[in-house]
Amino acid sequence: MGWLSFITQYVTAPRSVGAVAPSSRYLARKMMRSIDFETARCIVEFGPGTGVFTQEILQRRRLGTVVITIERNADFCTQLRKKFASAQELHIIEGSAEKIGEYLRQYGFDQADYVVSGLPFASLPKEASTAILTQTKTHLHINGRFITFQYSLLRKGLIGRYFKSMEVIKEWRNLPPAYVLSCW
């Protein structure tokens with residue numbers, strides 16, 4: 001699982017995959033900087049793709065932290081289930097990020113402490129982005145963070161409408177280079 005799978009999915013569904021290559025480990029590490037793994041009880045991941053961020057979350061989380069991944073692509077879900085078959089408290093859902101509240105309730109939570117997103121907001125329809133961001137804000141703990149990456153700052157303003165504060169950091173060691181947006 002990796003480059004070939006990712007490219008295949010990109011060619012068949014470019015609007016939902018949004019990239020030609022999986023995220024680098026450098027980007028994954030930068031995405032994790034805003035997460036307090038000692039206090040996090042529930043971390044949600046939107047669009048895990050091939051699981052680069054999922055792997056980093058699982059390695060860093062404390063025992064008992066629940067991780068819920070939400071992925072639309074059935075092939076990626078199948079690959080994730082195989083890759084992380086032995087992971088405890090990891091729930092891989094084939095579904096839509098717009099239903100975050102439903103999925104949280106399914107596993108006994110009202111809110112997520114952190115939401116990590118690999119969704120390509122720049123290529124998603126604005127209505128879908130708005131629905132996802134609205135539900136994210138609704139179901140994110142008051143002290144939580146929404147952490148996403150984008151290849152351009154085209155949707156920074158849209159994302160910023162839902163959060164009072166945002167930190168933006170560029171990661172050059174990714175193909176292509178990406179911006180990490182940590183919002184609270």
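Selection over the range 105-122 of residues that are surrounded by fewer than 17 Cβ atoms within 10 Å (Cβ to Cβ) and on the phi < 0 side of the Ramachandran plot gives a count of 5. Residues that are closer than 22 Å to residue 70 by Cα and assigned to a strand (DSSP E or B) do not occur anywhere in the range 153-175.
Total residues in the range 66-76 satisfying the condition of being over 14 Å from the mean Cα position of the chain (by Cα) and either assigned to a loop (DSSP other than H, G, I, E, B) or surrounded by 18 or more Cβ atoms within 10 Å (Cβ to Cβ) (or both): the figure is 1.
Only one of 10, 26 is hydroxyl-bearing (Ser, Thr, Tyr), modelled with pLDDT of 95 or more, surrounded by fewer than 22 Cβ atoms within 10 Å (Cβ to Cβ) and not in a loop (DSSP other than H, G, I, E, B); which? Every option except 26 fails the conditions.
Of the residues 33, 15, 41, 61, which single one is over 18 Å from residue 111 (Cα atoms), modelled with pLDDT of 95 or more and out of contact with any Cys (no Cβ under 7 Å at 6 or more places or on another chain)? Checking each option against the conditions leaves just 33.
The selection criterion, being within 22 Å of residue 37 (Cβ to Cβ), without any contact (Cβ under 8 Å) to a residue 40 or more places away in the chain and in contact with a strand residue (DSSP E or B) (Cβ under 6 Å, 6 or more places away or on another chain), holds for residue 163.
Does residue 100 satisfy the criteria of being touching a Phe, Trp or Tyr at 6+ places or on another chain (Cβ under 6 Å), farther than 14 Å from residue 159 by Cβ, surrounded by 14 or more Cβ atoms within 10 Å (Cβ to Cβ) and not hydroxyl-bearing (Ser, Thr, Tyr)? No: the conditions fail for residue 100.
Yes or no, residue by residue, for (1) free of Cβ contacts under 8 Å to residues at least 24 places away in the same chain; (2) assigned to a loop (DSSP other than H, G, I, E, B):
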site	(1), (2)
49	no, yes
57	no, no
85	yes, yes
105	yes, no
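Evaluate the range 87-96: report whether one residue or more is out of contact with any helix residue (DSSP H, G or I) (no Cβ under 9 Å at 6 or more places or on another chain) and aliphatic (A, V, I, L, M). Checking the range 87-96: not a single residue is out of contact with any helix residue (DSSP H, G or I) (no Cβ under 9 Å at 6 or more places or on another chain) and aliphatic (A, V, I, L, M). Going through the range 107-134 one residue at a time, which ones are closer than 18 Å to residue 43 by Cα and without any contact (Cβ under 8 Å) to a residue 60 or more places away in the chain? Answer for the range 107-134, where residues must be closer than 18 Å to residue 43 by Cα and without any contact (Cβ under 8 Å) to a residue 60 or more places away in the chain: 108, 110, 133, 134. Selection over the range 125-150 of residues that are charged (D, E, K, R) and buried (at least 16 other Cβ atoms within 10 Å of the Cβ) gives a count of 1. Residue 144 falls short on exactly one of the conditions (1) in a strand (DSSP E or B); (2) more than 23 Å from residue 40 (Cβ to Cβ); (3) small (Gly, Ala, Ser), and that condition is (2).
The values are calculated or read from the model by the stated rules, or taken from the named source; none is laboratory data. Note that the structure is predicted; figures quoted are calculated from it, not measured. Cβ: placed from backbone, ideal geometry, glycine included. Neighbour counts: every protein chain shown.
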